[in-house]
Amino acid sequence: MQSLRGHLRSLHRLAPANRDHVSAVRVAVSVAVPSLALLVAGRPDLIIYAVFGALTGMYGRAEPHQLRLKHQGQAAFLLVGGLAVGVFLSINHVQSWVLVVTEALLAAAGSVFADKVALKPNGPFFGILALGACASIPTTVHWHTAVLIGALSALFSMVVGFGGWMRGRVWERGAERDVPPLLGARRRAARIHAARYLAAVGAAGSIGVLSGSGHPHWAMAAAAVPLAGADMPSSVYRGLHRIVGTLVGLVVVSLVLFPWVLSPLRAFPGHETAVLALLVIVLQFTTELFMTRHYGLAMVSFTPVILLMTQLAAPADPRTLVTERAVETLLGAGIGILVVVLIRRRR
């Protein structure tokens, strides 16, 4: 059994670099182009849909071009599908309990899909994050317009991801081959994995609603994070990284949104919206830069990305956002870790 000292070293160990800057640039470009286009068009409130579509670029970062293209297409289905369901729920003003049930069921279904096609990053996290975030903000455009923005953004990120193939134009035979079907032990493992998502996301959302929080979807997203770990130690590490990284990231959010002297919004009066949009682009770059090297450091950047683009879509009291984000993250990540311990994942 790994010693306590070994576990502590693993928590703060920075994995070796693996051309992370290349992936980070791809994702930053995928986010920047549609976001800046919407900013110029005077619709910064729609940037949230473009960003969720552009997160397609996070998938298949170290894979051959043809396999990356395939996996990014599958990831786009997960992301844009979650976005579409979230916008539908927002337009119809559904109750929080409907959101909890819907997100828990789709988290389980997304888990089976992600396991079947072997997506990297693992699991349905970004899909259910898009669902909850889009359901929690008022939609100012038609349903098909929001979905089209997300789909076009996802398509653009796939073009960016495949663009490097134009240099060498080398097609690696067999790289795009399907993974083994979900049969026997793999099917049982996928079912258990889906049950964990259903239990963790459903429990976190239920407690979030009962607590009176205005953002129970944050607890549901945080509960899904530990479930993507390959084994129990890595799952617990991810949960702890989520908590610590989010809390540090909220300090960054406070420096931006609170009326401090050092806030960049005070330095550019009259251009607050543009500053927030540019920060989303820059912070998404640093998120991807550390996503595979240290999940906690990635969360320091990704937390502001989510809150700032939410603020662009539906401005709210920053203190309420920061407080509820902290509470919901602690709640959700704690439940996710508990589910990992109670429901063991078979290999």
Worksheet item: Based on the Cβ-Cβ distance of residue 342 and residue 271, what FRET efficiency does E = 1/(1 + (r/R0)^6) give at R0 = 56 Å, to the nearest 0.05?
Response: 0.65
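Using a cut-off of 14 Å between beta-carbons, work out the net charge of the residues near residue 28 (Lys and Arg +1, Asp and Glu -1, residue 28 not included). Walk me through the numbers on the way to the answer.
On the way: positive: 26, 61; negative: 20, 288.
Charge balance near residue 28 sits at 0.
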Practice prompt. Among 247, 228, 332, flag the residue with its Cα farthest along the positive direction of the charge dipole of the range 206-347, charges on Cβ as +1 for Lys/Arg and -1 for Asp/Glu.
Written response: 228
Worksheet entry | Selection from 65, 42, 104, by position along the positive dipole direction of the range 1-157 (Cβ) | 65
Item to complete: For n ≥ 4 DSSP H runs only, could you compute -39500 (n - 2.57) per run for the chain, divide by its residues and tell me the 222 nm figure to the nearest 500?
Response: -24000 deg cm²/dmol
Fill in: Residue among 86, 201, 305 farthest towards the positive dipole end of the chain, charges placed on Cβ
201
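Please list the helices of the chain that count as membrane-span-like by this rule: a mean Kyte-Doolittle hydropathy of at least 0.5 together with Cα atoms stretching 20 Å or more along the helix axis, each helix being a complete DSSP H run. Before the final figure, lay out the partial values.
Working: long enough: 20-40 (29 Å, 1.56); 65-91 (37 Å, 0.86); 96-117 (31 Å, 1.35); 143-162 (29 Å, 1.71); 185-210 (37 Å, 0.47); 232-257 (37 Å, 1.36); 272-290 (27 Å, 1.72); 295-313 (26 Å, 1.54); 318-342 (36 Å, 1.27).
Membrane-span-like by this rule: 20-40, 65-91, 96-117, 143-162, 232-257, 272-290, 295-313, 318-342.
Using DSSP to call loops (not H, G, I, E or B), can you name the chymotrypsin sites (Phe, Trp or Tyr not before Pro) in the range 204-300 whose Cβ has at most 14 other Cβ atoms within 10 angstrom? Mind showing how you got there, number by number?
Details: sites: 218, 237, 260, 285, 290, 295; in loops: 260.
Listed in order of number, the matching sites are 260.
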Worksheet item: Can you give the charge dipole size of the chain about its Cα centre, rounded to the nearest 20 debye, using +1 on the beta carbon of Lys and Arg and -1 on the beta carbon of Asp and Glu?
Response: 1400 debye
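Readers should treat all values here as calculations from the given coordinates under stated rules, not as data from a laboratory. Since this is a predicted model, take the numbers as computed values, not measurements. In this analysis, Cβ positions are derived from the backbone assuming ideal geometry, glycine residues included, and neighbour counts consider all displayed protein chains.
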